[in-house]
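In what follows, a structure is listed as structure tokens, so that the remarks can point back to it.
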């Protein structure tokens, strides 16, 4: 195929605005899939790279919540074909390393080695700017008109789901819903607490709803987020700024505590609150993330009585199983996606989107690359 050039938002320096540049695509590898991106969600992890809280080599194209149409495939690709509507997974897997052999693809050794270097699974980049390589982010780089992903990352979904909704499945929705359904495996009739009602927390609430939990308690310091939590299925809301959350949860659970607690705030105090609100024999699932060297302390007694503590990564995702399932749940009216989108932007407006995110405004902003922006 002839060289492809396309626009992409490039981070050159930490703390500086992204620059929309015209990149050149290098030839596809045998397991590459070229996706024409139609919509790309702005995720807080992108912002952490911009702000320097996460280090990746630069220049780099961010974005890991992308949806679009397969434009071309490498010679060895069997999992996607041109014309497929796909959601990009940020967790490609080699299929043959120690962890892949044990059905733990989220821990794929090839991915965990190449991803921090800004490379695809084969250790290379397919992106160039003025003859210089540009790095990939989480093996996706969807804040662009095109992206190149490994075939395990190009997951076909039903054509009926609009791209701006579909892209959300690729990270925030999968992370939250999956933590509830795939990791915690919430049982029908359960009592659930969700600590933190941001984008991931709202989706954890949705996962509890899909699991048919009876009582779903959302806790957050922000009253605006608590109001949203109600619309996503929370049966009760508690202010972590004003309420004695532990006491209130016990009041609502006959003095025992919750069957399952999902921590989605990424704060040390939220971690402590999560273990204190779980009942004896209950399950605590940590979704939130902090700096890797951030110490967290717990009261020893809160860890006793057979409480089970689990870390959820990507909601236990098996993208080829889960993305189509989530898409169908949306199309059937069982999963809210429209309500997650608080802003739609053009690629040229991407910096404004991250500025608003840094202020804590909105749930999800989505970059549209295929249609008139709808305000």
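Do you know which of the residues in segment 61-84 that are buried (at least 21 other Cβ atoms within 10 Å of the Cβ) and assigned to a strand (DSSP E or B) is farthest from the chain's Cα centre (by Cα)? The qualifying residue farthest from the chain's Cα centre (by Cα) is 73. For segment 116-127, filtering for residues that are touching a strand residue (DSSP E or B) at 6+ places or on another chain (Cβ under 8 Å) and closer than 13 Å to residue 28 by Cα leaves 5.
Reported count of residues in segment 207-232, each being over 18 Å from residue 265 (Cα atoms) and touching a strand residue (DSSP E or B) at 6+ places or on another chain (Cβ under 9 Å), is 5.
Taking segment 328-344 as the range and being more than 14 Å from residue 361 (Cα to Cα) and surrounded by fewer than 18 Cβ atoms within 10 Å (Cβ to Cβ) as the test, the residues that pass are 328, 331, 332, 333, 334, 338, 339. Of the residues screened, residue 260 is one that is at pLDDT 95 or above, in contact with a strand residue (DSSP E or B) (Cβ under 9 Å, 6 or more places away or on another chain), assigned to a strand (DSSP E or B) and within 25 Å of residue 323 (Cα to Cα). Screening residue 347 on (1) within 23 Å of residue 208 (Cα to Cα); (2) surrounded by fewer than 21 Cβ atoms within 10 Å (Cβ to Cβ) shows it passes everything except condition (1). Within segment 336-368, the set of residues being at pLDDT 95 or above and in a loop (DSSP other than H, G, I, E, B) comprises 336, 337, 346.
Would you confirm, using the coordinates I've provided, whether residue 33 is out of contact with any helix residue (DSSP H, G or I) (no Cβ under 7 Å at 6 or more places or on another chain), crowded, with 17+ Cβ neighbours inside 10 Å and either assigned by TED's automatic domain parsing to the domain that holds residue 154 or not in a loop (DSSP other than H, G, I, E, B) (or both)?
Taking the combined requirement at face value, the residue does not satisfy it.
Considering only residues that are part of a loop (DSSP other than H, G, I, E, B) and over 22 Å from the mean Cα position of the chain (by Cα), which ones fall in segment 294-331? Show your work before the answer.
Here is the first cut: in segment 294-331, the ones part of a loop (DSSP other than H, G, I, E, B) are 294-299, 304-307, 312-313, 317-318.
295, 296, 297, 298, 299, 304, 305, 306, 307 - these are the residues of segment 294-331 that are part of a loop (DSSP other than H, G, I, E, B) and over 22 Å from the mean Cα position of the chain (by Cα).
Within segment 17-30, the residues that satisfy the criterion of being out of contact with any helix residue (DSSP H, G or I) (no Cβ under 6 Å at 6 or more places or on another chain) and not in a strand (DSSP E or B) are 26, 27, 28, 29, 30.
The values are calculated or read from the model by the stated rules, or taken from the named source; none is laboratory data. Predicted model, so just to flag it, every value in this text is computed and none were measured. Don't worry about glycine lacking a Cβ; one is built from the backbone with ideal geometry, like all the others, and counts go over all protein chains shown.
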